[in-house]
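Take a look at the structure below.
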Amino acid sequence: MDSSPGSFTNSFGTRIDFVPGYIEYVDRVIGLPKKASEDYVHASINAAGGHQNLDYAKVNEKFRYERKALSLSGYAARLARVYMFLDLMRNTNAVPQFARHLDIGCGIGIQPRILRALGIVDHTTGIDVYDRCTGVDESALAKQHRRLRWMRALEPFRRSAVKVPPEERSDLRRAVVEKVLDPLSPRHRHKHQVGYMPDSDFYRLKYRAKPTLDRFIQGDVFEIKEKFNLITTFTSFEWFDARTILPKVASMLENGGMFYIWVSNWWSDINVTRLSGHFPFACQRLNKDDYYRYLDECLPDHAEAMKGTYAWFDPGHPTLADYAEIGYQNGLMALDFREYNRPDPFGTHTGVSPLGHIALDGGVLQQVLDEIHQFRPDIRLTDLLPLSHSILFRKFDRSVKLDEAGLNRATSPVQFQYRPTNPALRLAKKLAVKAHPIYRR
Ligand SMILES: C[S@@+](CC[C@H](N)C(=O)[O-])C[C@H]1O[C@@H](n2cnc3c(N)ncnc32)[C@H](O)[C@@H]1O
């Protein structure tokens, strides 16, 4: 394929012009990788070509973590992830109380410990291919939780500082908001980084137990044979192939059990891989073969590192709709979901957001979509916007068939009639029905 120095031509014959200064900007704000991260290369079942091919000896020899404590901001970010889960739970009729919990790809295992401390789970297990988890200083977590509550004292200052619209702020006011208050305030920092701001009740979450992990399993989740009432994964699903891990998750859940996933969105420019190029959405708008050829031809110094990172991510590049559908096919019904869009057009964490792209070139998203449709016709504009999404699933029995007995059983909660025998309660019901017909039902 003929690509000139300032452009790349994909295998469908479309020429994509480089955007002058774009890659230099991306390099400056997020950096271009020179080496794929070690855990992507050695602990990724996608890069290994399946979980059976993971080389545990190599993983154990590579990763020896001595991590003990977590900073206040690190703790607040983990607590916010738990809050995002509780926020989705609030929209369902389910009670946030689970007997047995499993966290897949638990890493340092903070979220499961927080779920245990908040009294949401009675027993928690974390599993990961390698152990970064058991060395965590649990007493420091409780200390950070107490300290975090003091951070709400910053909020009145911020409210007063942002009364002036951003374009009218003096440099001093800008610095106070952008360099001091927002980075310090856990809720606002989370909004800028993740696109989700916890409510102020975030500071009122109370520990009811110690933040302990009842069990850590160093190993492969595909080997687990037990059942749980709640399974969670926080930024770990990228490490799996949704088509193989979702059936496994369904098999480990009791009927009626819940499964929560928070995962980075492949179709976002720039996603968790931080892969990029000389034009926006480089790794999304080119298929794998074209992206690898582009790297070889146009970014040879970074090609090996970027291919290693590419290979780590779920190869199906699922959308939110894909997760919901694959889940459904395996008996997991999406009860609720959320997408998290970046509020800032430009950021030091994630480069240019969709808002930034349209500020630079109003037609770019359509052009990107047209090119993606050459190999993934199912992708929609809404798939390009969020940085991440979360879904709350409930396990259901796929073998159920519609018949009269089943219909009566399933609809009985709606048909429920209260018929008191106690005379006082009978009178109370009569008065209530008189007061409002809604009570007749
Ligand atoms: C991004 S890290 C987890 C971060 C962690 N959940 C947190 O929120 O801090 C993803 C983890 O998934 C783990 N992982 C990958 N494949 C796995 C498998 N087959 N079984 C268990 N864990 C796995 C990796 O070792 C990695 O530590």
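Do we find that ASN265 is within 20 Å of VAL364 (Cβ to Cβ), at pLDDT 95 or above and not charged (D, E, K, R) in this structure? In short, yes. Residues to consider are GLY308, GLY331, GLY351, GLY362; find the one that is at positive phi and in the same structural domain as ILE379 (by TED's automatic domain parsing). From the options GLY308, GLY331, GLY351, GLY362, the qualifying one is GLY351. Of all the listed residues (ALA80, ALA43, ALA69, ALA48), the sole one being surrounded by 13 or more Cβ atoms within 10 Å (Cβ to Cβ) and without any contact (Cβ under 8 Å) to a residue 12 or more places away in the chain is ALA48.
Would you point out which residue out of GLY195, GLY135, GLY107 is closer than 30 Å to LYS62 by Cβ, of a type outside the set (Asp, Glu), assigned by TED's automatic domain parsing to the domain that holds SER236 and surrounded by 15 or more Cβ atoms within 10 Å (Cβ to Cβ)?
GLY107
Within segment 100-116, residues that are within 18 Å of VAL249 (Cα to Cα) and more than 10 Å from the ligand (Cβ to nearest atom) have Cβ atoms under 6 Å from residues that are of a type in the set (A, V, I, L, M) and part of a strand (DSSP E or B) in these pairs: HIS101/VAL121; HIS101/LEU230; LEU102/ILE231, counting only partners at least 6 apart in sequence or on another chain.
Quick test for you: out of LEU115, LEU148, pick the one residue that is under 20 Å from the mean Cα position of the chain (by Cα), within 13 Å of LEU205 (Cβ to Cβ) and surrounded by 13 or more Cβ atoms within 10 Å (Cβ to Cβ). Answer to the selection: LEU115. Filtering ALA432, ALA428 for residues that are free of Cβ contacts under 8 Å to residues at least 60 places away in the same chain, in a helix (DSSP H, G or I), in contact with a helix residue (DSSP H, G or I) (Cβ under 9 Å, 6 or more places away or on another chain) and surrounded by 10 or more Cβ atoms within 10 Å (Cβ to Cβ) leaves a single hit, ALA432.
The set of residues in segment 49-60 being touching a helix residue (DSSP H, G or I) at 6+ places or on another chain (Cβ under 8 Å), among the hydrophobic types (A, V, I, L, M, F, W, C) and part of a helix (DSSP H, G or I) consists of VAL59 alone. Selection of segment 49-83 for residues being in contact with a Leu (Cβ under 9 Å, 6 or more places away or on another chain) and within 9 Å of the ligand (Cβ to nearest atom) yields only ARG78.
Checking each residue in segment 17-31 for being assigned to a loop (DSSP other than H, G, I, E, B) and within 23 Å of the chain's Cα centre (by Cα) picks out ILE30, GLY31.
Annotation note: of TYR340, TYR310, the sole residue that is touching a Ser or Thr at 6+ places or on another chain (Cβ under 8 Å) and under 30 Å from LYS179 (Cα atoms) is TYR340. Of all the residues in segment 175-187, those that are in contact with a helix residue (DSSP H, G or I) (Cβ under 8 Å, 6 or more places away or on another chain) and assigned to a helix (DSSP H, G or I) number 8. Here ASP122 clears all of (1) in contact (Cβ under 8 Å) with a residue 24 or more places away in the chain; (2) away from the ligand (no atom under 16 Å from the Cβ); (3) assigned to a loop (DSSP other than H, G, I, E, B) except the condition numbered (3).
In summary, ARG215 fulfils each of the numbered conditions (1) in contact (Cβ under 8 Å) with a residue 60 or more places away in the chain; (2) more than 16 Å from the ligand (Cβ to nearest atom) with the single exception of condition (2).
Reported count of residues in segment 232-259, each being surrounded by 23 or more Cβ atoms within 10 Å (Cβ to Cβ), within 12 Å of the ligand (Cβ to nearest atom) and either more than 18 Å from ILE45 (Cα to Cα) or hydroxyl-bearing (Ser, Thr, Tyr) (or both), is 2.
Yes or no: segment 144-157 includes at least one residue that is farther than 30 Å from GLY49 by Cα, of a type in the set (Phe, Trp, Tyr) and not assigned by TED's automatic domain parsing to the domain that holds HIS51. Before you say what the answer is, go through the steps one by one.
Within segment 144-157, the first condition is being farther than 30 Å from GLY49 by Cα, and the residues that meet it are 144-157.
Narrowing further to those that are of a type in the set (Phe, Trp, Tyr): 150, 157.
Still in the running and not assigned by TED's automatic domain parsing to the domain that holds HIS51: 150, 157.
Yes, because at least one residue in segment 144-157 is farther than 30 Å from GLY49 by Cα, of a type in the set (Phe, Trp, Tyr) and not assigned by TED's automatic domain parsing to the domain that holds HIS51.
Scanning segment 217-276 for residues that are of a type in the set (A, V, I, L, M, F, W, C), under 15 Å from the mean Cα position of the chain (by Cα) and part of a helix (DSSP H, G or I) returns PHE237, TRP239, ALA242. For segment 125-141, a residue qualifies if it is in a loop (DSSP other than H, G, I, E, B) and either closer than 18 Å to MET89 by Cβ or away from the ligand (no atom under 11 Å from the Cβ) (or both), and the qualifying residues are THR134, GLY135, ASP137.
Look at (1) within 27 Å of SER71 (Cα to Cα); (2) surrounded by fewer than 23 Cβ atoms within 10 Å (Cβ to Cβ) and you find that PHE222 fails only one, number (1).
Being more than 10 Å from the ligand (Cβ to nearest atom), over 11 Å from LEU230 (Cα atoms) and crowded, with 20+ Cβ neighbours inside 10 Å is a property that ARG90 lacks.
The values are calculated or read from the model by the stated rules, or taken from the named source; none is laboratory data. For clarity, every value in this text was computed on a predicted model and none was experimentally measured. A quick note on method: Cβ atoms are made from the backbone with ideal geometry, for glycine too, and the neighbour counts reach across all protein chains shown.
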